[in-house]
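Student: Sending over a structure as structure tokens; questions will come in a sec.
The values are calculated or read from the model by the stated rules, or taken from the named source; none is laboratory data. These figures come from a predicted structure and were not determined experimentally. Ideal geometry is used to build each Cβ from the backbone, glycine not excepted, and the neighbour counts take in all protein chains shown. Heads up: the accessible areas ignore ligands, DNA and RNA and are worked out on the full protein's heavy atoms, side chains in. Shrake-Rupley method; radii C 1.70, N 1.55, O 1.52, S 1.80 Å.
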Amino acid sequence: MIRLACKIPIKVAVAVSGGRDSMACLDFLRNGKKELAVLHFNHGTRHAVEAENAVRSYCERHNLHLEVGNISGEPEKCQSLEDFWRKQRYSWFESTGHESIVTCHHLNDAVEWWVMTSLRGNPKLIPTKRDRFIRPFLLAPRDELTNWATRRELEWAEDPSNSDTDYDRNYVRHTMMPHILRINPGIEKTLIKLIESRNT
């Protein structure tokens, strides 16, 4: 069962990458009778066409309003590609004018971000709410979203860069997390408590 970390307005925009997790979140919200707009940001990569097609196909099939943003410019000197994409993406999200925007970060994202920021000396939680952005799926493990997507026979686009451990987040996810879970198999429960305490 997918638990939500916070309330979601009836009228909301959903940021959807086209990957399995975000497609599951979109389908979950549509199933909950929300009045949805869908926001998709095209990063201009080889994978981007496939991802946009997956989102567009779902929206057309379910008569959902879709807005698509596109990358522009180049990263600044010494700026990572991850940081460049993130800033471009959020800048475009804000430019759409939607009052409430759901992003599909889930529990595993929260754990990985907490681990990565802890290693840098400043442990941080992904906030459930910040400005117009809402992250209601922070209590939902990735496995639950995978089960939802499989059970509902959703189509999605796998981003090959997600397995590239040259990116810090992927290195934490694929290389470090198996060892961290061996030492502390209850780390997800710890993060759930932290997220819930932040919202009380």
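Student: For Ser80 and Met177, what does the FRET efficiency come to when R0 = 22 Å and r is the distance between their Cβ atoms, rounded to the nearest 0.05?
Tutor: E between Ser80 and Met177, to the nearest 0.05, is 0.60.
Student: If I compute solvent accessible area with a 1.4 Å probe over the protein chains, what percent of it on the range 19-166 is carbon and sulfur?
Tutor: 43
Student: Continuing with the same structure: Got a sec? Charge dipole of the chain, +1 on Cβ for Lys and Arg, -1 for Asp and Glu; which of Ile192, Met116, His40 is way out at the positive end?
Tutor: Ile192
Student: Please report the spacing between the Cα centers of the range 126-200 and the range 47-63 in Å, no decimals.
Tutor: 23
Student: Go ahead and estimate [θ] at 222 nm for the chain from helices alone: -39,500 (n - 2.57) per DSSP H run with n ≥ 4, summed, over the residue count, rounded to 500.
Tutor: Working: 8 runs with 87 residues, N = 200.
It comes out at -13000 deg cm²/dmol, rounded to the nearest 500.
Student: Per residue, what accessible area does the chain have, given a 1.4 Å probe and all protein chains present, in Å²?
Tutor: It amounts to 57 Å² per residue over the chain.
Student: Here is a further query. Just the number: Rg to Rh for the chain, Cα atoms, Kirkwood Rh, two decimals.
Tutor: Details: Rg = 16.6 Å, Rh = 17.6 Å.
Here Rg/Rh amounts to 0.94.
Student: Still on this structure, please answer the following. At a Förster distance of 22 Å, what's the computed FRET efficiency of Glu67 paired with Arg152, Cβ-Cβ distance as r, to 0.05? Walk me through the numbers on the way to the answer.
Tutor: Details: r = 23 Å, r/R0 = 1.07.
My answer for the efficiency is 0.40.
Student: Also, I was wondering about something else. Residues in the range 123-157, backbone N under 16 Å from the label point at Cys6 (7 Å along the Cα-to-beta-carbon vector): list them, ranges by number please.
Tutor: Taking a point 7 Å out along Cα→Cβ of Cys6, the residues of the range 123-157 whose backbone N falls under 16 Å are 125-140.
Student: Just to be sure I follow the rule: in the chain, considering lysines 8 or more places apart or on different chains, how many pairs have Cα atoms under 13 Å apart?
Tutor: 4
Student: Within the range 112-198, which trypsin sites (Lys or Arg not before Pro) sit in a loop by DSSP and count at most 16 neighbouring Cβ atoms inside 10 Å?
Tutor: Counting only loop positions with at most 16 other Cβ atoms within 10 Å, the trypsin sites (Lys or Arg not before Pro) in the range 112-198 are Arg120, Lys124, Arg132, Arg152.
Student: Something else about it: Full extension from Leu119 to Ile187: what is 0.36 nm times the residue separation minus their Cα-Cα distance, to one decimal in nm?
Tutor: 23.0 nm
Student: Mind checking the full-extension length gain between Glu99 and Asn170? Use 0.36 nm per residue of separation minus the Cα-Cα distance, one decimal, nm.
Tutor: Details: separation 71, 0.36 × 71 = 25.56 nm, distance 3.11 nm.
Working it through step by step, the gained length comes to 22.5 nm.
Student: A further question follows. In whole Å, what are the extents of the range 75-161 along the principal axes defined by its C-alpha atoms, from largest to smallest?
Tutor: Projected onto the principal axes, the Cα atoms of the range 75-161 cover 44, 34, 29 Å.
Student: Let me ask something else. For the range 39-103, state which trypsin sites (Lys or Arg not before Pro) are in a DSSP loop and have at most 14 other beta carbons lying within 10 Å of their beta carbon.
Tutor: Taking the range 39-103 and a limit of 14 other Cβ atoms within 10 Å, the loop trypsin sites (Lys or Arg not before Pro) found are Arg46, Lys77.
Student: Moving on. DSSP loop GluC sites (Glu not before Pro) in the range 67-96 with at most 11 other Cβ atoms within 10 Å of their Cβ, which ones?
Tutor: Working: sites: Glu67, Glu76, Glu82, Glu94; in loops: Glu76.
Loop-located and lightly packed - Glu76.
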